[in-house]
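The values are calculated or read from the model by the stated rules, or taken from the named source; none is laboratory data. Note that the structure is predicted; figures quoted are calculated from it, not measured. FYI the Cβ positions are ideal-geometry reconstructions off the backbone, even for glycines, and counts take in every protein chain you see.
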Amino acid sequence: MLQDAQTIRYYQRITDALHEQWNRGYRFDDLRLYLEGYLAALRHANTIEPYLIHRLEEETLRYLYDPSNFEMVQTQSEPDYY
């Protein structure tokens with residue numbers, strides 16, 4: 001569980017971006033590459049501590065591999081009464 005406010009902001013940015021890319025048609029391999037690049041940039045920039053980046057990676061991988069986060073919601077059409 002993430003506790004640091006800055007790390008939580010990064011988590012929200014990453015998960016929002018992953019979901020947006022999923023809706024654009026990218027799939028898990030592409031999302032995984034995006035995540036690896038994002039985390040590499042965080043490590044290179046030294047914006048947060050390395051142990052927080054590791055926790056962030058664990059949480060985002062958990063989000064990425066949970067199929068319920070990327071299910072396509074199918075709306076139920078209203079019955080036609082005419």
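Things to note:
- Flag for TYR51 being touching a residue at least 12 places away in the same chain (Cβ under 8 Å) and of a type in the set (Phe, Trp, Tyr): no
- Restricted to segment 24-48, and to residues there that are in contact (Cβ under 8 Å) with a residue 12 or more places away in the chain and over 13 Å from the mean Cα position of the chain (by Cα), the residue that is surrounded by the fewest Cβ atoms within 10 Å (Cβ to Cβ) is THR47.
- Residue satisfying all of: in segment 7-23; over 8 Å from the mean Cα position of the chain (by Cα) and of a type outside the set (Ser, Thr, Tyr); surrounded by the most Cβ atoms within 10 Å (Cβ to Cβ) among these: TRP22
- On the stretch given as segment 60-82, residues that are at pLDDT 90 or above, out of contact with any Ser or Thr (no Cβ under 9 Å at 6 or more places or on another chain) and outside any loop (DSSP other than H, G, I, E, B) total 3.
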